[in-house]
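Peer 1: Structure in structure tokens, see below.
Derivation of every value follows stated rules applied to the coordinates shown; laboratory data play no part. None of the values given here were measured: they were computed from a predicted structure. Note that we place each Cβ from the backbone using ideal geometry, even for glycine, and neighbour counts take in every protein chain shown.
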Amino acid sequence: MKRRRLLGATGGLLAGSLTVGTGAFSSTRAERSVTAKIVDDSQAYLRINTDVGIAGRSSDVNLGDGVHVATFRIPGPEDDLVAGTDPNGIGNQSQYWFDNMAVLQNQGTNSVTVYSDYSGELDELAIYKSGQTSAILQSESTGVVLDPGDSFTIGLYIKTADEGVKEYNENIGIIAKAVEE
């Protein structure tokens, strides 16, 4: 008799567990803590070293609290010292390639694909591998793969349409996406 009760109870629990849930869910939200340290571009996983720039076109700008970010300026504040010229900017309906703006280095532990992303007022703004003006890095498929410790020098590509004569303060995203193995 006790054996029948035990088998009946076990069978009932098993059937109940099968009908109550399968372990699947359609959505969830779980709050977790994250600790992240913000550092200068020169110390980040993707290092941006602006020491290679000419005419002051690239530099680190101090944002305060010891945080520096890479900044690119066209024309540079010292462009008048290069070849005795004094340009005031770039023209409409033109394409410009500015070599040697910065060195990007993978200081992480994974291989990454590096490219740029831009959405702003100018027609196009992107990075390219300095000296290779035909290879604009605007997507993951056109990006440069950097293994840990590897680096390359970037140039800045600017294409204008009929934006209008004024000063533009734009932002460009430099993306390093882990290479899927």
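Peer 1: Give the number of residues within segment 167-176 that are closer than 18 Å to ILE48 by Cβ and surrounded by 13 or more Cβ atoms within 10 Å (Cβ to Cβ).
Peer 2: Of the residues in that region, 4 qualify.
Peer 1: Of the residues GLY149, GLY173, which is in contact (Cβ under 8 Å) with a residue 40 or more places away in the chain and under 20 Å from ARG57 (Cβ atoms)?
Peer 2: Values: GLY149 fails: under 20 Å from ARG57 (Cβ atoms).
Sole residue among the options that is in contact (Cβ under 8 Å) with a residue 40 or more places away in the chain and under 20 Å from ARG57 (Cβ atoms): GLY173.
Peer 1: Is at least one residue of segment 147-166 aliphatic (A, V, I, L, M), in contact with a strand residue (DSSP E or B) (Cβ under 7 Å, 6 or more places away or on another chain), surrounded by 14 or more Cβ atoms within 10 Å (Cβ to Cβ) and farther than 24 Å from ALA44 by Cβ?
Peer 2: First, the residues of segment 147-166 that are aliphatic (A, V, I, L, M): 154, 156, 158, 161, 165.
Going one step further and asking which of them are in contact with a strand residue (DSSP E or B) (Cβ under 7 Å, 6 or more places away or on another chain), we end up with 154, 156, 158.
With the extra rule that they be surrounded by 14 or more Cβ atoms within 10 Å (Cβ to Cβ), the set shrinks to 154, 156, 158.
Filter once more, so that each one left must be farther than 24 Å from ALA44 by Cβ: 158.
Within segment 147-166, one or more residues are aliphatic (A, V, I, L, M), in contact with a strand residue (DSSP E or B) (Cβ under 7 Å, 6 or more places away or on another chain), surrounded by 14 or more Cβ atoms within 10 Å (Cβ to Cβ) and farther than 24 Å from ALA44 by Cβ.
Peer 1: Based on what the data block shows, is ILE136 within 19 Å of ALA161 (Cα to Cα), buried (at least 17 other Cβ atoms within 10 Å of the Cβ), of a type outside the set (Gly, Ala, Ser) and over 12 Å from the mean Cα position of the chain (by Cα)? Let's see the steps before the verdict.
Peer 2: On the way: within 19 Å of ALA161 (Cα to Cα): yes; buried (at least 17 other Cβ atoms within 10 Å of the Cβ): yes; of a type outside the set (Gly, Ala, Ser): yes; over 12 Å from the mean Cα position of the chain (by Cα): yes.
The answer is yes for ILE136.
Peer 1: Search segment 87-114 for residues being of a type in the set (Val, Ile, Thr) and within 19 Å of the chain's Cα centre (by Cα), and hand back the single one that is nearest to ASN49 (Cα to Cα).
Peer 2: Our first condition is that a residue be of a type in the set (Val, Ile, Thr); within segment 87-114, this holds for 90, 103, 109, 112-114.
Going one step further and asking which of them are within 19 Å of the chain's Cα centre (by Cα), we end up with 103, 109, 112-114.
Details: VAL103: 5, THR109: 19, VAL112: 17, THR113: 18, VAL114: 15 Å.
Looking at the filtered set, the residue picked out is VAL103.
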